[in-house]
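Have a look at the structure below, then the notes.
Nothing in this text is a laboratory measurement; each read-out follows from the coordinates by a stated rule. None of the values given here were measured: they were computed from a predicted structure. Cβ placement follows ideal geometry from the backbone for every residue including glycine, while neighbour counts extend to all protein chains displayed.
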Amino acid sequence: GGTGYLGTHMLVELVKQGYEPLCVDNLHNSNPSVLLAVKEICGKEIPFIKADAGDVAAMRALFAEYQIHFAGHKAVGESVAHPLMYYRNNYDSALTILEMCLKHGSALVFSSSATVYGVPHFLPLTEDHPLSAVNPYGRTKLYIEETIRDVALAHPEFNVSILRYFNPVGAHESGLIGENPNGIPNNLMPFVCQTAAGIRKELQVFGDDYDTPDGTGVRDYIHVTDLISGHIAALKKLETKPGCIIHNLGTGNGTSVLEMVHRFEAVNGVSVPYRIVARRPGDVASCYADPSKAFEELGWKAVKTLDDMVRDSWMWQLKGAKN
Ligand code: UD1
């Protein structure tokens with residue numbers, strides 16, 4: 001997933017930290033031209049190979065010391081409509097990557113998601129909160145996590161970091177790389193950006209009758225560069241051979257949809273017309289992390305503010321996003 005939203009930010013940070021990344025992507029919903037922007041930011045050409053993580057022969061030929069796996073599809077609605085595609089792409093390719101890790105003695109960083117907590121029983125979410133899945137996308141993340149735990153039990157020498165992402169937003173401060181959703185965005189921030197830019201007429205706010213301070217859904221938005229620095233911290237931890245480790249990557253702060261819209265307008269001096277509509281099926285009222293385990297064990301915490309997130313997302317919309 002090296003040419004995707006998180007992958008491109010990861011490449012930039014790996015180069016900055018002195019690593020020599022190899023970018024692998026099947027280009028399913030991204031374009032290799034983003035590597036020109038990556039080169040412009042970090043002054044280095046990243047070797048690129050077009051391959052699918054589920055392609056055993058290709059992975060066999062490629063496998064190096066570490067494998068960062070961002071290659072999952074991530075649209076919940078699409079996963080409900082095409083469950084087999086999700087199980088094939090996300091689950092099957094994870095099995096291939098795990099086999100390669102064992103064979104080559106490589107460590108793995110797995111991109112999991114707060115979706116594995118299902119409907120929160122308590123907040124903030126700690127890593128020991130019970131796990132469940134409410135859609136095929138979430139189920140692939142949960143199955144992969146469970147599989148990783150089985151593999152780690154059977155192979156104590158295997159070092160693996162499971163990172164549970166909350167809601168990544170924002171873009172690199174250069175405005176050269178960011179999220180490029182295909183078609184109508186599902187996620188809040190790209191939709192807000194496109195509405196402010198006049199590409200969408202208005203934002204639909206999915207429900208204002210939740211049990212939250214202003215009635216709209218509360219999430220833990222995290223700036224993508226903070227999320228990436230969490231991966232670097234996890235990579236460094238893996239060098240100490242810790243076995244299987246699991247961490248939330250969130251800020252610990254909950255922000256409602258309307259708070260986000262109003263912050264976006266105030267910081268960027270633009271208007272985001274919106275309308276309250278019915279709740280979106282499957283949404284929970286509130287979801288935010290307890291990020292203290294990552295701080296204690298990885299020495300990592302998010303440092304960017306909500307203002308940084310809305311500013312950088314807007315700059316990317318103006319400079320780089322395909323409109
Ligand atoms: C969604 C997925 C989650 C996945 C993540 C990946 C669902 C139910 N969850 O998280 O499993 O890991 O994306 O990035 O799809 N909202 C609006 N109007 C919009 C879009 C969103 O009001 O047009 C609201 C939502 O109701 C929610 C908040 O904004 O309260 C955030 O939504 P979104 O960005 O889609 O993220 P999640 O639903 O948290």
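Contact order normalised by length for the chain, with contacts defined as Cα pairs under 8 Å and 6 or more residues apart; what percent is it?
Relative contact order comes out at 19 percent.
Taking the Cα centre as origin and putting +1 on Lys and Arg beta-carbons and -1 on Asp and Glu beta-carbons, what dipole magnitude results for the chain, to the nearest 20 debye?
560 debye
Which FRET efficiency value, to the nearest 0.05, do you get for Phe295 and Thr240 by plugging their Cβ-Cβ distance into 1/(1 + (r/R0)^6) with R0 = 22 Å?
That gives a FRET efficiency of 0.85.
Can you flag which of Lys16/Lys74; Lys16/Lys141; Lys74/Lys241; Lys237/Lys293 are past 22 Å Cα-Cα?
Distance filter (> 22 Å) returns Lys16/Lys74; Lys16/Lys141; Lys74/Lys241.
Starting with the fewest neighbours, write out His129, His28, His9, His155 ranked by other beta-carbon atoms found within 10 Å of each beta-carbon.
His28, His155, His129, His9
As a test of the formula, what do you get for the chain when each DSSP H run with n ≥ 4 contributes -39,500 (n - 2.57) and the sum is divided by the residue count, at 222 nm and rounded to the nearest 500 deg cm²/dmol?
Here the helix-only value at 222 nm equals -11500 deg cm²/dmol.
Would you mind telling me the antiparallel percentage of the DSSP bridges in the range 199-300, rounded to 5?
Percentage antiparallel, nearest 5: 25.
Dipole of the chain (Lys/Arg Cβ +1, Asp/Glu Cβ -1, origin at the Cα centre): which of Thr115, Ala37, Phe63 lies farthest to the positive side?
With unit charges placed on the Cβ atoms, the residue in question is Ala37.
So, with +1 on the Cβ of K and R and -1 on the Cβ of D and E, and no other charges, what is the size of the charge dipole of the range 15-59 about its Cα centre, to the nearest 20 debye?
160 debye
Check which residues have an amide H placed less than 5 Å from Tyr165's amide H, if you skip close sequence neighbours.
Residues meeting the amide H criterion: Ser112, Ser113, Ala114, Leu249.
Above 16 Å lies some portion of the pair distances; for the range 195-240, what is it as a whole percent of all C-alpha pairs?
Roughly 66 percent, rounded to a whole number.
Let me check I have the definition right: for the chain, take the eigenvalues of the Cα gyration tensor, multiply each by 5, take square roots. What are those semi-axes in whole Å, largest first?
So the equivalent ellipsoid measures 30, 23, 19 Å along its semi-axes.
Within the chain, which DSSP H helices have Cα atoms that stretch 15 Å or more along the helix axis and a mean Kyte-Doolittle hydropathy of at least -0.5?
5-16, 93-104, 136-154, 224-238, 257-268
Residue separation times 0.36 nm, minus the C-alpha to C-alpha distance between His155 and Val267: what's the value?
Value of the extension gain: 35.3 nm.
Tell me, what is the FRET efficiency for Asn182 and Asp128 to the nearest 0.05, using R0 = 35 angstrom and their Cβ-Cβ distance as r?
In this case the efficiency is close to 0.45.
Within a 10 angstrom radius of the beta carbon, how do Glu40, Glu179, Glu145, Glu127 rank from fewest other beta carbons to most?
Glu40, Glu127, Glu145, Glu179
Roughly how many whole Å is it from the C-alpha centroid of the range 151-204 to that of the range 33-66?
What the calculation gives is 20 Å, centre to centre.
Please sort 19-26, 162-169 by packing, taking for each peptide the average over its residues of neighbouring beta carbons within 10 angstrom, highest first.
Highest-to-lowest ranking by the protection proxy: 162-169, 19-26.
Starting from the Cα of Val119, step 7 Å along the direction of its Cβ; do the same at Lys50; then give the gap between the two resulting points in nm.
4.5 nm
Any aspartates and glutamates with Cα under 15 Å of the Lys304 Cα? List them, leaving off those in the same chain fewer than 8 positions away.
Glu173, Asp220, Asp226, Asp312
Can you work out the FRET efficiency for the pair Asp283 and Lys201, with r the C-beta to C-beta distance and R0 = 22 Å, to the nearest 0.05?
It comes out at approximately 0.50.
So between Val303 and His82, what do we pick up on full extension, going 0.36 nm a residue minus the alpha carbon distance?
75.8 nm
One-quarter of the Cα convex hull surface for the range 186-323, in nm²?
That works out to 9.6 nm², a quarter of the Cα hull's surface.
Run through every distinct alpha carbon pair of the range 281-323 and return the Kirkwood hydrodynamic radius in angstroms, one decimal place.
Averaging 1/r across every pair of different Cα atoms and inverting gives 13.5 Å.
Determine, for Cys101, Cys244, the number of other Cβ atoms within 10 Å of each Cβ, and report the residues in order from fewest to most.
With the sparsest Cβ surroundings first, the list reads Cys244, Cys101.
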